Amino acid sequence: MPDIQPIPAVTFSTQHTNDLSDRIAPPYDVLDHASKGRLLAASPNNISVIDLPHLPAKTVGPDEAYLGAGNTYRQWLDQGVLVRQDTPAFFVYQQTYTVTGGVGGTGGTGGTGNSGGTTFKRRGIIANVKVQPFGPSPDGQGGIHPHEQTFSAAKEDRLKLMRATQAQLSPIFGLYSDPDKAIETLLANVIDSSQPTFTGKTQDDGVLHETWAVDDDQRVTAFQQAIQAKDLFIADGHHRYNTALNHFNELTAQNKPVGNAAYCLFVLISMQDPGMIVLPTHRVLGNMPNFNMQAFKKAAQGKLEITPLPGTDPAQLEQALADCDHPHAIGLYDPSNLNAPLSIATTLDNDPLKTTHPNQSDAWRQLDVAIVQHLIVEQICQPDFVAPGSSGEAVTWKFPHQIAQLKELADTDAYQLGLVLRATPLDSVRQVSEAGELMPQKSTFFYPKLATGLAINPLD
């Protein structure tokens, strides 16, 4: 990856406590009115006041909202709510969390199992990463690779906030490969030898976040030497990284001092970390008034094999998919079929998109999410079940993370079919990114989310 440096960090004051539970927040783009309201009810000094100055997220708000966020940020510095650290530092970062149900895409074996689920610990480092265009690095020090498409409104929103605050408030989630576990050892040495600098639990998910400041020259150099030659793959935060790059280019074009805007705030985590998991994002499909399973099977002839399953709970599809050794298997939940709503669809061809998408890489064509979008939706559902002249002439989508959410949506009149997916493997993310391709939307769900407010990268 590019040059990484310690952060001249702004942090919340620990004068009274190093527990930041009431001041940290999830990333801005997962918050709505209700969740932000709960954060502010816990503390008026929650970071979401600044990081999400208007709603909904990923839309462009009025200029006054961003100016207000900038003023609040500076007021908190003046009042001592936020403080500038004396010495630039890396922050070793550990998240402890529990997952119920199936997990996938793991970098390791995970943690302890109990009746409430499986507990994991995920470790990384919060650092400043020098910005550069997406793709391989021209200097051989490792490139930065995306896997998701970005949208202009979200980037404009984040750029206005960055200009107003002169700070990067929320870290980008970056992945790198560490098969020899050299960096894992450095992280463990820090965690095992001292107490955390900051701790906190995020409100809605109960994840424990802990950080350890690392500012001694020997350890800083060790982390830099271990990480800097590696490629970096963005897991979450594509809009924010694009914004940091656009802001840097804007300053350069205007011949203004660049300073710390040459860097972007990241959390860097190894793909092989034992707590590095990817959860699936499922689908529900709507606007298909003519849909029924018998007609779907007929339309899918020559493309899919449909195998009915006993039972009526779509949660059973998770285990069925885990037990299935076919390279492409998708669970089907048809709520209109009251007696037998569950099926597993498998592709008849192990490379079913090779004819329609010959220019995409093998890794991209093997993605189950690509097969759902370009085979099941575009080749089967769209031509056979969407009524021409209806209020919309395309299949509609929702992307639930939980099976309970999928069932709740699919059981309404707005949707006709639920699709239960397996998680996208981390190696597939790496291969598609290295090929310079972007995945279909909602291909990955990296859990848990990083906390905002543990460290801020000031640009002034």
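All of the numbers you see were taken from the coordinates with simple rules; none came from a lab. Treat the numbers as computed from the prediction; the structure is a model and nothing was measured. Quick reminder, even Gly has a Cβ in these numbers, built from the backbone with ideal geometry, and neighbours come from all protein chains shown.
Dipole size of region 281-422 about its Cα centre, with +1 on Lys/Arg Cβ and -1 on Asp/Glu Cβ: approximately 180 debye, rounded to the nearest 20. For the listed peptides 344-352, 46-54, 258-266, a ranking on the average number of other beta carbons within 10 Å per residue, highest first, reads 46-54, 258-266, 344-352. Going toward the positive end of the dipole of the chain, with +1 on Lys and Arg Cβ and -1 on Asp and Glu Cβ, which of VAL129, HIS357, ASN339 do you reach last? Toward the positive end, the furthest listed residue is VAL129. Ranking LEU348, THR424, ALA262 by Cα position along the charge dipole of the chain, where only Lys, Arg, Asp and Glu carry charges on their C-beta atoms, puts ALA262 farthest toward the positive end. Adding -39500 (n - 2.57) for every DSSP H run of four residues or longer, then dividing by how many residues the chain holds, sets the calculated 222 nm ellipticity at -8000 deg cm²/dmol. What is the angle, in °, between the Cα long axis of helix 238-253 and the longest principal axis of the Cα atoms in the chain? Nearest 10 is fine, range 0 to 90. Helix 238-253 and the main axis of the chain meet at about 50 degrees.
Counting other Cβ atoms within 10 Å as a rough exposure proxy, the listed residues CYS381, CYS324 run CYS324, CYS381 from fewest neighbours to most. Between amide H atoms placed 1.01 Å from N, distances below 5 Å from LYS398 occur with VAL284, all of them 5 or more places distant or on a separate chain. Residues in region 145-153 carry Karplus couplings, in order, of 10, x, 9, 10, 6, 10, 10, 5, 4 Hz; the curve used is 6.51 cos²θ - 1.76 cosθ + 1.60 with θ = phi - 60°, and Gly or Pro positions show x. Its Cα centre serving as origin, the chain has a Cβ charge dipole (Lys and Arg +1, Asp and Glu -1) of approximately 420 debye. For a straight C-alpha distance cut-off of 28 angstrom, the lysines reachable from LYS181 (same-chain residues fewer than eight places away being disregarded) are LYS121, LYS130, LYS201, LYS230, LYS449.
Computed from phi, the 3J(HN,Hα) profile of region 257-265 under the Karplus parametrisation 6.51, -1.76, 1.60 (θ = phi - 60°) reads x, 8, x, 6, 5, 6, 10, 9, 6 Hz, with x in place of Gly and Pro. If you fit an axis through the alpha-carbon atoms of helix 63-79 and take the longest principal axis of the Cα set of the chain, what angle between them do you get, 0 to 90°, nearest 10? Between the helix axis and the principal axis of the chain, the angle is about 40 degrees. Here's how it looks for SER21: its modeled amide H is under 5 Å from those of LYS201, which are all 5 or more places away or on a different chain. Taking a ≥ b ≥ c as the square roots of the eigenvalues of the alpha carbon gyration tensor, region 144-191 is oblate, as a/c is not under 1.5 and a/b does not beat b/c.
Angle between the Cα long axis of helix 217-227 and the longest principal axis of the chain, 0 to 90 degrees, nearest 10? Tilt relative to the chain: about 30 degrees.
About the Cα centre of region 214-359, how large is the charge dipole given +1 on each Lys and Arg Cβ and -1 on each Asp and Glu Cβ? Please answer in debye to the nearest 20.
Magnitude of the dipole: close to 560 debye.
From least to most packed, judged by other beta carbons within 10 angstrom and beginning with the fewest, TYR176, TYR333 follow the order TYR176, TYR333. By the equivalent-ellipsoid construction on the alpha carbon gyration tensor, region 210-252 comes out with semi-axes of 26, 14, 13 Å, ordered largest to smallest. Our coupling estimate for region 290-302, obtained by passing each phi through the Karplus curve with A = 6.51, B = -1.76, C = 1.60 and θ = phi - 60°, is 9, 6, 8, 5, 5, 5, 5, 4, 5, 5, 8, 4, x Hz, Gly and Pro reported as x.
Around the amide H of GLY117, modelled in the peptide plane, lies no amide H under 5 Å away from a residue 5 or more places distant or on another chain.
Percent of C-alpha pairs per 10 Å bin in region 281-422, short distances first: 12, 44, 36, 7, 0.
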